[in-house]
Amino acid sequence: MILGGGFAGVSVARRLEARLHPGEAEIVLVSRENFMLFTPMLPEVSSGELDVRHVVTPIRSQLKRTRFILADARKLDVAAKTIEVAHTLSGEVETLAYDQIVLALGSSTSTFGLPGVAEHVFALKTLEDAGILRNRFVWLLELADSISDEAERARLLTVVVVGGGFTGVEATGELVELFRSVLRFYPHVRRQEVRVILIEGGPTLLPGLPEKMGRYSAELLRKRGVEILTGDGVASADATSITLQSGKRIDTRTIVWSAGVKPAATLADTPLPHTKRGAIVVDGDFRVPGFPGVWALGDCASIPDGSGATYPPTAQHAIREGPALADNLVAVLHGRPTRPFRFRSLGMMASLGGRKAVAQLPGDRVLTGFLAWFLWRSYYLLRLPSLDRRLRVAFDWTLELMFPRDIAELRVYTRNAQSSAAADAGLPPRTDPAAHV
Ligand SMILES: Cc1cc2nc3c(=O)[nH]c(=O)nc-3n(C[C@H](O)[C@H](O)[C@H](O)COP(=O)(O)OP(=O)(O)OC[C@H]3O[C@@H](n4cnc5c(N)ncnc54)[C@H](O)[C@@H]3O)c2cc1C
């Protein structure tokens with residue numbers, strides 16, 4: 001039984017399908033969505049460059065003989081070897097038994113308990129988050145174009161991104177691109193009125209990566225009009241402002257939060273050993289010590305790297321951990337010894353928009369500018385899990401070279417327009433229970 005259909009869970013299932021003979025074991029994967037999300041392209045979805053559907057791949061189409069269950073994993077009983085799930089669509093609750101369980105539930109946004117933050121920021125972690133953000137950007141431009149209250153216009157046209165890691169930096173670059181592309185449609189919004197502010201608590205952008213990458217990113221984003229505040233953390237937020245630890249207050253109606261993630265909360269109530277942050281502690285072969293039959297990997301696990309540290313929570317690692325865990329699971333089923341997981345990071349890349357990026361190459365070498373951007377695009381295009389998604393994304397990128405980004409705001413306008421159209425026709429208002437992003 002595998003819990004979680006992200007990079008880690010799906011790669012475990014795929015390898016188990018390849019390594020186990022039909023009939024040898026039943027492979028079951030439980031996930032709350034029926035698709036796998038390609039997170040590295042999420043900032044581009046939030047800015048409207050990529051279509052939401054193009055960065056997800058249905059789980060069923062990636063697996064041949066795994067039983068897929070669309071459900072939320074709720075309660076794990078390691079003594080009874082059962083997991084309680086609630087089916088996503090029907091809400092029906094069911095208890096499933098397992099022999100071996102693989103925890104691959106990923107992570108969720110962390111707002112560190114800061115006052116007002118959870119209630120007022122926009123996260124960038126799920127597909128829904130990216131869709132909501134895109135609509136928010138269009139909403140704020142539409143509203144700013146139509147009102148005369150100068151103070152409210154200024155709040156609307158100020159977007160604050162919190163977190164100068166690769167997600168925050170990419171989201172900022174994409175946001176600048178979005179405004180550059182669509183401001184021509186808003187005659188009452190002047191370019192100099194739009195403020196994009198990036199806040200990083202540490203001294204430089206892209207902490208943990210070679211200093212040159214952070215420096216280049218900051219210089220480039222500043223050149224493109226972004227205000228960068230480093231060395232100042234967030235103290236609190238409300239509906240119209242954000243306050244920093246220095247006491248500085250910024251009036252804004254939109255705060256994008258990419259300041260951190262925490263391991264999935266579902267596992268918090270289990271007796272499994274975990275770190276202070278809540279990650280499940282495993283041995284080098286992904287087994288949870290003291291709990292036979294329980295395995296964990298990906299963002300929800302703390303996996304020793306053999307040097308006293310643990311592997312970072314990235315997709316790059318998750319897709320390599322999956323096959324390694326599956327091989328160890330098969331080894332245990334066949335009575336053979338397991339092997340510790342060893343992998344050296346290939347480096348990290350961040351796209352900055354405007355056909356520029358920064359890339360860390362093996363040996364801590366750094367590539368910047370157009371070449372890094374070309375590498376970023378080629379690498380991630382090839383990493384998309386299916387040919388049709390690669391073609392769709394390549395098509396979106398090609399269209400973007402020729403046309404401005406789409407400013408049709410799907411969620412709010414279609415719902416309002418639909419009820420007005422229904423009223424015009426004398427029909428009762430109708431809502432779509434399956435309405436999504
Ligand atoms: C915006 C963004 C950009 C990123 N860019 C990069 C990048 O460029 N390179 C890189 O290497 N990494 C990147 N990452 C990090 C990367 O996405 C994660 O490290 C990776 O997704 C971890 O894989 P995972 O399978 O452990 O978790 P996830 O991919 O999060 O998958 C977990 C799955 O479990 C499901 N799930 C969670 N709880 C439950 C439950 N209770 N019941 C049922 N299902 C559940 C979720 O819906 C999800 O499908 C990025 C992350 C974000 C948010």
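The values are calculated or read from the model by the stated rules, or taken from the named source; none is laboratory data. Note that the structure is a prediction, hence the values are computed from the model and not measured. Note: ideal-geometry Cβ built from the backbone for every residue, glycine included; neighbour counts use all protein chains shown.
Table: residues versus (1) within 30 Å of Val169 (Cα to Cα); (2) touching a Cys at 6+ places or on another chain (Cβ under 9 Å); (3) surrounded by fewer than 16 Cβ atoms within 10 Å (Cβ to Cβ); (4) not acidic (Asp, Glu).
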site: Lys276; (1), (2), (3), (4): yes, no, yes, yes
site: Arg287; (1), (2), (3), (4): no, no, no, yes
site: Ser302; (1), (2), (3), (4): yes, no, no, yes
site: Ala318; (1), (2), (3), (4): yes, no, no, yes
site: Ala331; (1), (2), (3), (4): no, no, yes, yes
site: Met349; (1), (2), (3), (4): yes, no, no, yes
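Which of the numbered conditions does Ser146 fail, given that it passes all the others? Conditions: (1) under 24 Å from the mean Cα position of the chain (by Cα); (2) among the hydroxyl-bearing types (Ser, Thr, Tyr); (3) more than 13 Å from the ligand (Cβ to nearest atom).
So Ser146 meets the others, but not (1).
Just to check your reading of the model, which residue among Gly233, Gly164 is within 16 Å of the ligand (Cβ to nearest atom) and either within 20 Å of Ile255 (Cα to Cα) or among the β-branched types (Val, Ile, Thr) (or both)?
Working: Gly233 fails: within 16 Å of the ligand (Cβ to nearest atom).
Of Gly233, Gly164, the one residue that is within 16 Å of the ligand (Cβ to nearest atom) and either within 20 Å of Ile255 (Cα to Cα) or among the β-branched types (Val, Ile, Thr) (or both) is Gly164.
Go through segment 292-325 and give me each residue that's touching a residue at least 12 places away in the same chain (Cβ under 8 Å), away from the ligand (no atom under 13 Å from the Cβ) and of a type in the set (Gly, Ala, Ser).
Gly293, Gly306, Ala324, listed by residue number.
In segment 18-56, which residues are out of contact with any Lys or Arg (no Cβ under 6 Å at 6 or more places or on another chain), more than 8 Å from the ligand (Cβ to nearest atom) and closer than 17 Å to Tyr98 by Cβ?
Selection gives Leu20, Glu24, Ala25, Glu26, Ile27, Leu29.
Quick one: which of Thr88, Thr82 is of a type in the set (Ser, Thr, Tyr) and within 11 Å of the ligand (Cβ to nearest atom)?
Details: Thr82 fails: within 11 Å of the ligand (Cβ to nearest atom).
It is Thr88.
Wholly within segment 326-411, which strands (runs of 3 or more DSSP E) include no fewer than the required count, namely at least 1 residues that are within 16 Å of the ligand (Cβ to nearest atom) and either over 22 Å from the mean Cα position of the chain (by Cα) or among the basic types (Lys, Arg) (or both)?
Details: elements: 349-353, 356-361, 365-369.
Output list reads 356-361, 365-369.
Looking at this structure, is Val437 hydrophobic (A, V, I, L, M, F, W, C), surrounded by 12 or more Cβ atoms within 10 Å (Cβ to Cβ) and at pLDDT 90 or above? Full working, then the answer.
On the way: hydrophobic (A, V, I, L, M, F, W, C): yes; surrounded by 12 or more Cβ atoms within 10 Å (Cβ to Cβ): yes; at pLDDT 90 or above: no.
The answer is no for Val437.
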